[in-house]
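Everything below concerns the one structure shown next.
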Amino acid sequence: MRWVINNIFQLIQLLILARVILSWISHDPYNYYIRTLYDLTDIILKPIREFLPFHNAPFDVSPIIAIFIIDFVKNILLNLI
């Protein structure tokens with residue numbers, strides 16, 4: 001069970017990291033796979049962006065915060081098992 005929880009949370013973190021890397025390179029935002037990646041990661045990133053007080057910042061810190069929160073929740077769940 002620990003293995004499953006750990007891998008699911010790592011997959012979510014990798015998806016967020018892939019989105020960050022895609023923001024640095026030019027890509028087709030209408031590509032099916034990229035659109036799917038954005039849809040999956042927006043579930044986590046949008047609430048964080050709405051909570052942050054600075055919406056017009058020069059860079060987006062929500063992926064960094066999301067990765068910290070995901071790691072925190074993962075550690076709590078793994079310690080409970």
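Taking θ = phi - 60°, what integer Hz values does the Karplus form 6.51 cos²θ - 1.76 cosθ + 1.60 yield along the stretch 13-22, in sequence order, with x for Gly and Pro?
In residue order, the calculated couplings are 5, 5, 5, 5, 4, 4, 5, 4, 5, 5 Hz.
Output wanted: per-residue J couplings in Hz (rounded whole) for the stretch 3-10, from phi through Karplus 6.51 cos²θ - 1.76 cosθ + 1.60, θ = phi - 60°, x for Gly and Pro.
Working through the residues one at a time gives 4, 5, 4, 4, 5, 5, 5, 5 Hz.
For the stretch 15-57, what is the convex hull volume of the alpha-carbon atoms per residue, in Å³? Don't skip to the end; give the middle numbers.
Numbers: hull volume 3.6 nm³, N = 43.
Output value, Cα hull per residue: 83 Å³.
Once all Cα-Cα distances of the chain are split into 5 Å bins that start at 0, what whole-number percent is in each one?
Cα pair-distance distribution for the chain, in percent: 3, 14, 22, 22, 19, 12, 6, 3, 0.
Find the relative contact order for the chain and round it to a whole percent, using C-alpha pairs within less than 8 Å whose residues are 6+ positions apart. All intermediate terms of the calculation are to be shown ahead of the outcome.
Numbers: 34 pairs, mean separation 38.6, N = 81.
Relative contact order comes out at 48 percent.
Karplus couplings for the stretch 34-51 from phi (6.51 cos²θ - 1.76 cosθ + 1.60, θ = phi - 60°), rounded to Hz, Gly and Pro as x?
These are the phi-based 3J(HN,Hα) values: 5, 4, 5, 4, 5, 5, 5, 7, 5, 4, 8, 7, 4, x, 5, 4, 5, 6 Hz.
Throughout, read-outs are computed from the coordinates displayed, never taken from laboratory work. Everything numeric here is computed off the predicted structure, so don't read it as measured data.
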